[in-house]
Every structure is written in structure tokens, then in C-alpha cells.
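Working notes, structure below.
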There are 4 protein chains.
Amino acid sequence: MAGYSANKKDLQDRLRRIEGQVRGLQRMVEEDKYCIDILTQVAAVTKALHAVSLGLVEEHIGHCVVGAASEPDAALRAEAIDFKVKEATDAIGRLLR
Amino acid sequence: MAGYSANKKDLQDRLRRIEGQVRGLQRMVEEDKYCIDILTQVAAVTKALHAVSLGLVEEHIGHCVVGAASEPDAALRAEAIDFKVKEATDAIGRLLR
Amino acid sequence: MAGYSANKKDLQDRLRRIEGQVRGLQRMVEEDKYCIDILTQVAAVTKALHAVSLGLVEEHIGHCVVGAASEPDAALRAEAIDFKVKEATDAIGRLLR
Amino acid sequence: MAGYSANKKDLQDRLRRIEGQVRGLQRMVEEDKYCIDILTQVAAVTKALHAVSLGLVEEHIGHCVVGAASEPDAALRAEAIDFKVKEATDAIGRLLR
């Protein structure tokens, strides 16, 4: 089960709204809108994607990392935690770049 | 005429590819893909949007700012440059946030 | 105990290096270096700060979130996890902005 | 002459304040402050660096790009503009990454 299962509908709604924003950008280019207005709209889409990322990070930490921390075998637990934390940090690093 | 007119087709192609990536994200969520894989893909879309922004910034500076700099009347020119430079910097600031 | 205790020396070394980079920037401005070269150096400092952030996030998740997950009382545990995960996500959100 | 000459004092003041913030971070780590509070402070330094970058970008566009646009020889002018615009865009790209 994915960490975001409980909020799957909300996540899909956000992604559909972002898809609509990207189509809106295409319309703006089609109609030769002013470059600064397009840039402002691109910044809004980037911000909406950041919000999606943050939601996913929150659910990943709350479900996958915490899930690893409840593994009963101590040695497996330490390994599972290290793996999940590393994975989360790498993903956050890709967002920061 | 918009600053990006010469590259309008290229810009539309990039935006259509981004729209496809966002639809791909919806499919990943639909199929309960692992949250880290979705995050990696969200980071890729953000990066693609940054590339679009940079292209627009380049064309804005090269056309709109430089256009203002070629206004023959000195007083109007100084004012037009200030306006266009401020506008470009504000747009870049929104991208950095 | 802070989540970063085990790597405190490494963290201090990085921060001292960043302090040196910022002083280097002041020297560049003092010597009227070209703005683009200064911008390149500012981008390097920002990158170094991102690396520091990521290290802190990794240790926060690995210690503070995982610590909350090992609280024996189930009700307290759920609450502690929620609190720590929310705190981490808010901090990551401030980095993305 | 650098594009930021007119605001050199302001730029140095900002950089000195950033240096102070980085030293403040070292004190926080020395005193084992909570990782989230350090992260919040790192985000503030990153934001201050972004403000410095934006100031430099604004002055670069306003002075160096506009300077190139006032080159009287048309062939040299086109080349100088292309060079300066490319340089500015590359620098902004490094900030976005």
C-alpha cells in the first residue's frame, strides 16, 4: 500500500488541477500573451507541484519511515529505518535541486 | 509581439511534454506506485518547468529589455529600461521562491 | 540531545566553510569583481546551505521521528509521530520556498 | 566597473549580515539547539542569499545587458547582447538549481 493511499483522491484532484494549469499555459502561448504573465503562471504551477511534493514527503515519513520503525526485529528495524530515511532524504534533495 | 515568438513551437512542445508528464503522474497514483518514485517524477516535472522559465527569461531579456534600450528618446528609454528590468527581476524572484 | 549530535563536528566544519565563502563574497565585491562571477559564487553558497539542510533533515527524520515511533504508549506515540512528521514537513516546506 | 557599483555599500551590508547569520548557526549547533530551529534559520539564510542574487541579477541586466544594447556598431551590438543575455540566463539557471 502506498503511503498516500488515504489521500489518493485529494492527490489526484491536485494533479488534475496542475494539468489544467499546464494546458492554460499552452493557451497563453497560443494567444501570444506577454512573457512576464506566462512566467508568473509557470511560477504558480511550480508552487502547486511543490505542495504536491510536500504532501507526498509528509505521507512517506508518516507511513513508510514510521512503518520501518515498528519492525519488531531490532537488527532488521535499524536497517529498514536507515534505508527509508536515506530514500526520503534523497528524494527531498532532488526537490531542492 | 511576445519575446518568445521565434521559439513558440518549441515552447508549445515543451509544455505539451510537461502536460504528458503530469498525466503520467496521475497514472502512477492510480496504480498506487511507490511514493518515492512519484516524488522523483514530480522533481523531473519541476525541472522541466524551470527549463521553460529560463527560456522565457532569456527571451524576455533579449527582446523586451533590449527593445527598451533601443528607444531613441533618452528620458523615455531610461524609464522603459527600469520598468522592464524591474519586471524581469520580479518574475525571477517569483521563480526562486 | 539534538538529532545531529553524532555529526556535530562535521556540521560545524561545513558552517565554518560557508562562513568563509560568505567572507570570500565580500572580498569579491570589495575588489569589484564581475557580477556574474559573484552570482556563481552565491549559487555555490546556496548549494552548500542546501547540503547542510539535507543533513539536518536526514538526522531529524532518523532520530526525532523514529524516536517518536518508539514511544511505548500507543496513543502518545501516534500523537508524537504526527507532531514530529508535521514539524519536519513544515521545515522542508520552508526550504522549498 | 561592476554593475553593482552604485549599491556596493548596501551589498556589503547584506553580506556581512549573512556572515553574522552563519556564525549564529554555529552558535546554535554549539549549544545543541533543536534541529528544526536550526533548519528554520538555514532557510532564512538561503532566503537572504536569494535576495542578494536578485539584486545582482537586476543590476547585471540593467547595466551589463543594457550597456551591450547601446554599443553603436550593429554587428558588435547583436553579438554583445547575445553574450550578456546568455551569461545572465546561465547565472539565473544556476540559482534555480
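Rule-based calculations on the coordinates, nothing more; no lab input. Nothing here was measured: the structure is a model prediction, and the numbers come from that model. As a convention, Cβ positions derive from the backbone with ideal geometry for all residues, glycine included, and neighbour counts pool all protein chains shown.
Express the C-alpha Rg of chain D as a ratio against the empirical globular expectation 2.2 N^0.38 Å, rounded to two decimals.
Compared with the compact-globule rule of thumb, chain D sits at 1.46.
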Checklist outcome for this item: The set of residues whose placed amide H lies less than 5 Å from the amide H of D:Ala2, leaving out same-chain residues fewer than 5 positions away, is none
Checklist entry - Given the pairs A:Lys47/B:Lys8; C:Lys33/D:Lys9; A:Lys33/D:Lys47; B:Lys33/C:Lys84; B:Lys84/D:Lys84; A:Lys33/B:Lys84, which span a C-alpha to C-alpha distance of over 22 angstrom in this model? => result A:Lys47/B:Lys8; A:Lys33/D:Lys47; B:Lys33/C:Lys84
Next on the checklist: I'd like the projected area of the protein assembly as shown, averaged over all directions, using the convex hull of its alpha carbons. Report it in nm² with one decimal.
Outcome noted: 20.6
Next on the checklist: Run the label-point distances for B:Gln12 please: 7 Å along Cα to Cβ, every other copy, nanometres, shortest first.
Outcome noted: 3.1, 5.4, 6.1
Item to check | Order of C:His63, A:His60 - criterion: other Cβ atoms within 10 Å of each residue's Cβ, fewest first | outcome: C:His63, A:His60
Checklist entry - Mind checking Rg over Rh on segment D:1-42, alpha carbons, Kirkwood formula for Rh? => result 1.23
Checklist entry - Remind me, relative contact order of chain D in percent, using alpha carbon pairs under 8 angstrom and six or more residues apart? => result 29
Checklist entry - How large is ³J(HN,Hα), in whole Hz, for each residue of segment A:30-47 in order, when computed from phi with the Karplus curve 6.51 cos²θ - 1.76 cosθ + 1.60 and θ = phi - 60°, using x for Gly and Pro? => result 3, 8, 6, 4, 5, 4, 5, 5, 5, 4, 4, 6, 4, 4, 5, 5, 4, 5
Checklist outcome for this item: Taking every other residue with Cβ under 15 Å from the Cβ of B:Val66 and scoring Lys and Arg +1, Asp and Glu -1, one gets -4
Item to check | Ellipticity estimate at 222 nm from DSSP helix runs (n ≥ 4, -39,500 (n - 2.57)) divided over chain A, nearest 500 | outcome: -26500 deg cm²/dmol
